[in-house]
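Peer 1: Take this structure, written in structure tokens, and hold onto it; I'll ask about it next.
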Amino acid sequence: MKIKVLGAFGSEGLGQRPSAFLVNDRILVDAGTVPGALTVDEQLEVEHALLSHPHLDHVVGLAFLTDTLASAGARRPVTATSVEPVIQGLRTHAFNNVLWPDFSAIPSPSAPVLRFRTLAEEAEQRVGDLWVTPVPVDHTVPTVGFIIHDGEVGFIYSGDTGPTDRLWRAARGLRGLRALVIECAFPNRLEGLAATSRHLTPSLIQRELDKIPPDLPIWIFHIKPQFYQETVEQLARIDSPRIQVLEQGKTYTL
Ligand SMILES: [Zn+2]
Ligand SMILES: [Zn+2]
């Protein structure tokens, strides 16, 4: 399984793009950046967008992707996929003909460039050629992480979350898991802000380690651009060879 890091950050900075991953060229996992990291031909290959929650740093690239698909005469739609409150949030607050056009009716309601699909919580469902289980995590709005696998290998994607439990419980004992992709938004001195905004810091991640399946490599993303250096240094001080900060633009293979 191929995972390309389109955007590795929890906001936008100079050359630092909001969070998005592309799995096997076809399935987005969050969509904070899409056209900013892919050619038009690559965008036309995207079939599904798994979305953890509707915050802009995870979905704004989907808005611009649908714009590309409509203007490039795409042959097939992209399907925005998540649990019900996330899909409802996107329909009500983003693709509502106010903030952005309703691309689920463009160019026509019968053949739009955007479709929506609702997944059941904590049930394994087929998305493209992968198996996906959405599991609620702990953020300021309804948010899910995903357990994603292809039948042989897979990974856990935590999206935005503070300290959490259900996702780790759901992953316990699963075979073939090769990595945990997890957020870290703020440095330790902003733990108060992390608590209010339901995010993680290096020391909160250290406390999560005991709950996370042992030996699983931990791939960090979603550091806020303005705190990047400080946060990376604190992560490096956690005495665990499991921890690695993901590099934007790089493709990781499981
Ligand atoms: Zn975020
Ligand atoms: Zn968020």
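Peer 1: For the stretch 195-254, what does the equivalent ellipsoid look like in terms of its semi-axes, each the square root of 5 times an eigenvalue of the Cα gyration tensor, given largest first in whole Å?
Peer 2: 18, 17, 11
Peer 1: Something else about it: Please list, in order along the stretch 64-78, the HN-Hα scalar couplings obtained from phi with the Karplus expression 6.51 cos²θ - 1.76 cosθ + 1.60 (θ = phi - 60°), rounded to whole Hz, x for Gly and Pro.
Peer 2: After applying 6.51 cos²θ - 1.76 cosθ + 1.60, I find 6, 4, 5, 4, 4, 4, 5, 7, 8, x, 4, 7, 9, x, 9 Hz.
Peer 1: Okay, moving on. What whole number of Å gives the distance from the Cα centroid of the stretch 127-160 to the Cα centroid of the stretch 1-80?
Peer 2: Here the answer is 16 Å between Cα centres.
Peer 1: Obtain the radius of gyration and the Kirkwood radius of the chain from its C-alpha atoms and give Rg over Rh.
Peer 2: Reported Rg/Rh, Kirkwood definition of Rh: 0.95.
Peer 1: Moving on to the next point. Would you mind checking which residues have amide H under 5 Å from Ile212's amide H? H placed 1.01 Å from N; only 5 or more apart, or other chain.
Peer 2: Hits under the 5 Å cutoff: none.
Peer 1: If I model a spin label as a point 7 Å beyond the Cα along the Cα-Cβ vector, how far apart are those points for Leu193 and Glu233 in nm?
Peer 2: Between Leu193 and Glu233, the simple spin-label model gives 1.7 nm.
Peer 1: Please list, in order along the stretch 91-107, the HN-Hα scalar couplings obtained from phi with the Karplus expression 6.51 cos²θ - 1.76 cosθ + 1.60 (θ = phi - 60°), rounded to whole Hz, x for Gly and Pro.
Peer 2: 5, 6, 10, 10, 8, 10, 6, 10, 5, 7, x, 7, 6, 7, 10, 10, x
Peer 1: ³J(HN,Hα) across the stretch 52-58 via Karplus (A = 6.51, B = -1.76, C = 1.60, θ = phi - 60°), whole Hz, x for Gly/Pro?
Peer 2: Working through the residues one at a time gives 6, 5, x, 4, 4, 5, 10 Hz.
Peer 1: Calculate the FRET efficiency for Val245 and Asn97 from the Cβ-Cβ distance with a Förster distance of 51 Å, rounded to the nearest 0.05.
Peer 2: 0.85
Peer 1: With an 8 Å cut-off on Cα pairs and a minimum separation of 6 or more residues, tell me the relative contact order of the stretch 121-204 in percent.
Peer 2: Value for the stretch 121-204: 24 percent.
Peer 1: What is the magnitude of the charge dipole of the stretch 2-253 about its Cα centre, with +1 placed on the Cβ of each Lys and Arg, -1 on the Cβ of each Asp and Glu, and no other charges, expressed in debye to the nearest 20?
Peer 2: Working: 23 positive and 29 negative charges, 34 e Å.
For this selection, approximately 160 debye.
Peer 1: Another question about this same structure. Among all the lysines, which ones have a C-alpha under 23 Å from Lys4's C-alpha, if same-chain residues fewer than 8 places away are not counted?
Peer 2: Reachable lysines: Lys224, Lys250.
Peer 1: Moving on. How are the C-alpha pair distances of the stretch 1-82 spread across 5 Å bins, as whole percents from the shortest bin up?
Peer 2: Once binned at 5 Å, the Cα pair distances of the stretch 1-82 give 4, 18, 31, 26, 16, 5, 1.
Coordinate-derived values only; no laboratory data. Just so you know, these numbers come straight off a predicted model, no measurement behind them. Here Cβ is always computed from backbone atoms with ideal geometry, including for glycine, and neighbour counts include all displayed protein chains.
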